[in-house]
Amino acid sequence: MIDTNILGLGDAEFLLSQLPEKSVHLIFTSPPYFNARPECCQYDDYMSYLKKMQNVILCCRRVLSEGRYFILNSSPVIIPRSKRNRSSKRLGIPFDLHQIIVDAGFDFIDDVIWVKPEGAGCGRGRDFARYRTPLHYKTVPITEYVMVYRKHTDKLLDWNIRNHPNQEAVMRSKIDGDYEKTNVWKIPPATKSYHPAPFPLALAERIIRYYSIENDVVLDPFAGSGTTGTAAALWNRKFILIEKKEEYFHQMRRDFRLIAHPIQFLSTESGGDDE
């Protein structure tokens, strides 16, 4: 059983293979955008990207406990035009990942629409605003998908609650006060981050509060700036954060020294160390 926080530097597929089977209680992540920005991971082609996501998702299923949740935040991306006289291309990443996740052994539970304020979207639709001709019409995207899946089991949803070894932790984890009653969540995007595509802390906090119990282990295999880990620490959960880019990993290492102890460090090259 995992009894410490973990920061991992390296490829998620490799590092996940080092974790014990069924040792994680919640997975919340936002996979890298497919070639949408120069600073994001680059793949040879879209099929290579989807294959890599499939491999990581299968690794996630192995480490996730029975009947627990795998939650993925993603959105369609626009691949910029290569030449002025060519069209850009929009890829429906959430819809392509959905079938991969189901085929990997997860049951689809919910689709949450994360809505950002107007003005938070890209400049898509400028031609229509200028010309107003019907074929130019395109919407400005201000939403992302938070897709909720449960690792397949024949047991009912409350099985993990009734069989939890610490019923006091279950009671402490109850949601007091107001909560989101629909699948439309209005949350402003993150505005300050060294990472180019962070999700807001408020989103990670809701996911962790709604889908995990105190002292659970929360995993993010594409950790970025570590927002999932920050939310986990704030709500008395342990975290496992895996990040491939060294600059983001080392920034997380500096950040989490202040809010989470102890922390074990893992990397592709070494067996890890503690701090």
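The values are calculated or read from the model by the stated rules, or taken from the named source; none is laboratory data. A quick note: this is a predicted structure, and the numbers were derived from the prediction, not measured. Note that each Cβ is placed from the backbone with ideal geometry, even for glycine, and that neighbours are counted across all protein chains shown.
Can we say residue 86 is assigned to a loop (DSSP other than H, G, I, E, B), modelled with pLDDT under 90 and either acidic (Asp, Glu) or farther than 23 Å from residue 210 by Cα (or both)?
Values: assigned to a loop (DSSP other than H, G, I, E, B): yes; modelled with pLDDT under 90: yes; either acidic (Asp, Glu) or farther than 23 Å from residue 210 by Cα (or both): yes.
Answer is yes for this residue.
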*Taking segment 119-168, which residues are surrounded by 10 or more Cβ atoms within 10 Å (Cβ to Cβ), over 26 Å from residue 108 (Cβ atoms) and not small (Gly, Ala, Ser)?*
122, 124, 126, 127, 128, 131, 136, 137, 138, 140, 166, 167
*Report whether or not residue 229 is part of a helix (DSSP H, G or I), of a type outside the set (S, T, N, Q) and surrounded by 19 or more Cβ atoms within 10 Å (Cβ to Cβ).*
yes
*Could you pull out the residue among 182, 143 that is among the β-branched types (Val, Ile, Thr) and without any contact (Cβ under 8 Å) to a residue 24 or more places away in the chain?*
182
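Only one of these is of a type in the set (Lys, Arg), over 24 Å from residue 113 (Cβ atoms), loosely packed, with under 10 Cβ neighbours inside 10 Å and at pLDDT 95 or above: 174, 181. Name it. Explain how you work it out, then say what you get.
Details: 181 fails: over 24 Å from residue 113 (Cβ atoms).
One residue alone meets the criteria, 174.
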*Across segment 5-49, what is the total count of residues that are crowded, with 18+ Cβ neighbours inside 10 Å, at pLDDT 90 or above and either of a type in the set (A, V, I, L, M, F, W, C) or touching a strand residue (DSSP E or B) at 6+ places or on another chain (Cβ under 7 Å) (or both)?*
18
*Assess whether residue 260 counts as being under 19 Å from residue 29 (Cβ atoms), modelled with pLDDT of 85 or more and of a type outside the set (S, T, N, Q).*
no
*So residue 78 clears everything in (1) outside any loop (DSSP other than H, G, I, E, B); (2) modelled with pLDDT of 90 or more except one condition, right? Which one?*
(2)
